[in-house]
Amino acid sequence: MLLDPDHFKPSIPQDSPNPLWQQLADHKQVFAGTTIAELFEKDPQRATQFSLKTSGLLLDYSKNLITETTRNLLAELARKAGLRPAIEAMFNGDEVNCTENRAALHVALRGGYKGEQHLKINADIQDVQARMQAFVTQIKQKTWLGYTGKAITDIVNIGVGGSDLGPRMVYEALRPYQSQEIKVHFLANIDGNDFVNIVHGLSPETTLFIVASKSFTTLETRKNAEAARAWFLACGGAESDISQHFVAVSSNIKAAVEFGINERQVFSMWDWVGGRYSLWSAIGLPLALGLGYENYKALCCGAHQMDQHFLTAKFEQNMPVMMGLLEIWYQNYFGANSHAVLPYDDNLRRLPAYLQQLDMESNGKSVNRSGKALEYSTGAVIWGASGTNGQHSFHQLLHQGTQLIPVDFIVPLRSSNPISNHHSLLFSNAVAQSRALMVGKTLTEAKAEITEQGADLQRIEALAPHKTILGNRPSNVLLMDSVNPETIGSLIALYEHKVYVQSVLWDINAFDQWGVELGKQLSQAIMDQMEETERNLDFDGSTNTLIQRFRSGTL
Ligand code: F6P
């Protein structure tokens, strides 16, 4: 049903000069009568043929609806779409961010840039990294003290979006590597709950705030930084002590200094680093402080390994390319519009939230690079939660729902916290879920199962359809050697490049985010009118009424 070729009319570029779009639509008919399970019956070596290994990761993509021909057609689609020059353009520092006329050189932050500006850019990066390392050393060696002479024990990173999600996710993922002397907290939401919950139990004498904002204009971050300063002063700190307890990370040094951050304590970043691609820049300062500078560098090293793989591997053997092409295959040819990422490692539970911004803010676009409205689908909804928890929450829909939802299962071979046989049970569950999506349970199998349970014929006939699982649902299994700084770095780079692959094939700009501007503008307009209580409200009836209810404090 879901994967019947005729179930969904391909949503692909019409009249494209790339003939592979239509060739793949024709090829899709192959799967009219072939299931993923049958592909294994035809080729017992399939798992080997559809697995890739690089940078501490192994991708088993054999439980997908693809054959050798499909893979070749998808790779040819990418070649004809100009993916190779697009990859080289990004690594060369070309202005791949076409609406802001900027490069997207996050690969340079981990040593991947060899373009003509490499002397200057690499020198700038090394300068900032040296400053980060020196700062981390001062904090760790207690040569940087609070205003009462005590060592800094708590770091509060004030940032949102790309200035929060990446560092927050990595800090959680690498929990076993966290320093015991310096704890990192992440404050992002403008909601007072977040601020109060974070500072609860902290002392201004031993707390250092990092105001992390590429633009230094983001409302949430500025308001939270002001709240932090007020809290610091109210708890005993003096204006003259501010500089010992506040640093900043920004590309807008002027604004950071105007806010009151000592210029020598602003760690710079550049306009060619997109927010959601920035954890490798000084936005990663909380990681260097909370995990140790060496582990922060190891993270970058892991990403660099994946960069080199992405840059050099043939598309058919290229992990980010194949993952991106599979996404195109299910979204544009089978109508999938969401993708589940299920990490079977509880320290990776924040990975889906991080990938939501990376993927949805990059590929949630509906005009092409030339500004022309698209007639085909692009970015999917990215969601997920750590396993095995999701099995008791949304896996019912994955197995028996009416939507095709491709799944990435991510699971380490070795647990960071091996107790009893828990990791074997976790691993077996991850593998079982991937297999269950593929094989399902036939009506006959369901009837046999119910019969064995002693049910009468009427009960068997009534219950069996409810226990039948169609199967033939695709999933990837991504094995990690273990969860460590290098493998987390390569995992993140893998998804960064997968997102880029899709953006190139869809001919969209992965590096801007104009869609978030309207909400910010409207919230400012509404805020202005909310504060002027006598002013007549000139929005729609719903908005006006909601504002009035807020003003009156009554429902
Ligand atoms: O959501 C919009 C956005 O600009 C993101 O792209 C960015 O990561 C976030 O806000 C925070 O921006 P800044 O780092 O400039 O505060």
Next on the checklist: So residue 333 passes all but one of these: (1) away from the ligand (no atom under 16 Å from the Cβ); (2) hydroxyl-bearing (Ser, Thr, Tyr); (3) touching a Ser or Thr at 6+ places or on another chain (Cβ under 6 Å). Which condition number does it fail?
Outcome noted: (3)
Item to check | Positions within the stretch 284-296 being within 20 Å of residue 307 (Cα to Cα) and touching a residue at least 12 places away in the same chain (Cβ under 8 Å), in sequence order | outcome: 284, 295, 296
Checklist entry - Looking at residue 113, is it in contact with a strand residue (DSSP E or B) (Cβ under 6 Å, 6 or more places away or on another chain) and surrounded by 20 or more Cβ atoms within 10 Å (Cβ to Cβ)? => result no
Next on the checklist: For the stretch 370-385, check the following and say yes or no: at least one residue is buried (at least 18 other Cβ atoms within 10 Å of the Cβ), in contact with a helix residue (DSSP H, G or I) (Cβ under 6 Å, 6 or more places away or on another chain), on the phi > 0 side of the Ramachandran plot and at pLDDT 95 or above.
Outcome noted: yes
Checklist outcome for this item: Every listed condition ((1) out of contact with any Asp or Glu (no Cβ under 9 Å at 6 or more places or on another chain); (2) over 30 Å from residue 20 (Cα atoms)) holds for residue 342 save (1)
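Residue-wise test of (1) surrounded by fewer than 22 Cβ atoms within 10 Å (Cβ to Cβ); (2) touching a Ser or Thr at 6+ places or on another chain (Cβ under 7 Å); (3) in contact (Cβ under 8 Å) with a residue 12 or more places away in the chain.
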position: 45; (1), (2), (3): yes, no, no
position: 58; (1), (2), (3): yes, yes, yes
position: 68; (1), (2), (3): yes, no, yes
position: 79; (1), (2), (3): yes, no, yes
position: 83; (1), (2), (3): yes, no, yes
Checklist outcome for this item: Among residues of the stretch 339-381 being outside any loop (DSSP other than H, G, I, E, B) and charged (D, E, K, R), the residue farthest from the ligand (Cβ to nearest atom) is 346
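Residues are listed down the side, and each one gets a yes or a no for (1) outside any loop (DSSP other than H, G, I, E, B); (2) in contact with a His (Cβ under 7 Å, 6 or more places away or on another chain); (3) of a type outside the set (A, V, I, L, M, F, W, C):
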{"site": "223", "(1), (2), (3)": "yes, no, yes"}
{"site": "232", "(1), (2), (3)": "yes, yes, no"}
{"site": "236", "(1), (2), (3)": "no, no, yes"}
{"site": "243", "(1), (2), (3)": "yes, no, yes"}
Next on the checklist: Among the residues of the stretch 524-550, what is the count of those that are part of a helix (DSSP H, G or I) and at pLDDT 90 or above?
Outcome noted: 14
Checklist entry - Do the conditions hold for residue 294, that is, is it surrounded by fewer than 24 Cβ atoms within 10 Å (Cβ to Cβ), part of a helix (DSSP H, G or I) and either touching a Gly at 6+ places or on another chain (Cβ under 9 Å) or of a type in the set (D, E, K, R) (or both)? => result yes
Checklist entry - Restricting attention to the stretch 29-58, which residues are over 25 Å from residue 412 (Cα atoms) and either modelled with pLDDT under 95 or not in a helix (DSSP H, G or I) (or both)? => result 29, 30, 31, 32, 33, 34, 35, 43
Checklist entry - Which condition number in (1) surrounded by fewer than 13 Cβ atoms within 10 Å (Cβ to Cβ); (2) β-branched (Val, Ile, Thr); (3) touching a strand residue (DSSP E or B) at 6+ places or on another chain (Cβ under 7 Å) is the one that residue 468 fails? => result (1)
Checklist entry - Tell me, which residue of the stretch 481-515 that is surrounded by fewer than 22 Cβ atoms within 10 Å (Cβ to Cβ), farther than 30 Å from residue 375 by Cα and of a type in the set (S, T, N, Q) is nearest to the chain's Cα centre (by Cα)? => result 484
Checklist entry - residue 113 passes all but one of (1) in contact with a Leu (Cβ under 7 Å, 6 or more places away or on another chain); (2) within 16 Å of the ligand (Cβ to nearest atom); (3) not charged (D, E, K, R); which number fails? => result (2)
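A quick yes/no check of all residues on (1) buried (at least 22 other Cβ atoms within 10 Å of the Cβ); (2) within 16 Å of the ligand (Cβ to nearest atom); (3) hydroxyl-bearing (Ser, Thr, Tyr):
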{"residue": "130", "(1), (2), (3)": "no, no, no"}
{"residue": "140", "(1), (2), (3)": "no, no, no"}
{"residue": "145", "(1), (2), (3)": "no, no, no"}
{"residue": "149", "(1), (2), (3)": "no, no, no"}
{"residue": "159", "(1), (2), (3)": "yes, yes, no"}
{"residue": "164", "(1), (2), (3)": "yes, yes, no"}
{"residue": "167", "(1), (2), (3)": "yes, yes, no"}
{"residue": "215", "(1), (2), (3)": "no, yes, yes"}
{"residue": "221", "(1), (2), (3)": "yes, yes, yes"}
Next on the checklist: I'd like the full set of residues that are in contact with a Ser or Thr (Cβ under 7 Å, 6 or more places away or on another chain) and more than 16 Å from the ligand (Cβ to nearest atom), limited to the stretch 190-213.
Outcome noted: 205, 206
Checklist entry - Considering 260, 236, 274, which residue is surrounded by 14 or more Cβ atoms within 10 Å (Cβ to Cβ), modelled with pLDDT under 95 and not aromatic (Phe, Trp, Tyr)? => result 260
Item to check | Positions within the stretch 246-257 being in a helix (DSSP H, G or I) and either surrounded by fewer than 21 Cβ atoms within 10 Å (Cβ to Cβ) or modelled with pLDDT under 95 (or both), in sequence order | outcome: 253, 254, 255, 257
Item to check | Pair list, Cβ < 6 Å and 6+ apart or interchain, from the stretch 205-229 residues that are under 24 Å from residue 145 (Cβ atoms) to residues that are among the small types (Gly, Ala, Ser) and more than 9 Å from the ligand (Cβ to nearest atom) | outcome: 205/146; 206/146; 209/228; 211/225; 211/248
Next on the checklist: Condition (residue is within 16 Å of the ligand (Cβ to nearest atom) and either in a helix (DSSP H, G or I) or on the phi > 0 side of the Ramachandran plot (or both)) applied to the stretch 467-482: is it met by at least one residue?
Outcome noted: no
Item to check | Complete set of residues in the stretch 434-449 that are farther than 30 Å from residue 59 by Cα and of a type in the set (A, V, I, L, M) | outcome: 443, 446, 448
Next on the checklist: It is to be established whether one or more residues within the stretch 258-274 are more than 12 Å from the ligand (Cβ to nearest atom), assigned to a loop (DSSP other than H, G, I, E, B), among the polar types (S, T, N, Q) and more than 26 Å from the chain's Cα centre (by Cα).
Outcome noted: yes
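The values are calculated or read from the model by the stated rules, or taken from the named source; none is laboratory data. Not measured: the values here are computed from a predicted model. Note that each Cβ is placed from the backbone with ideal geometry, even for glycine, and that neighbours are counted across all protein chains shown.
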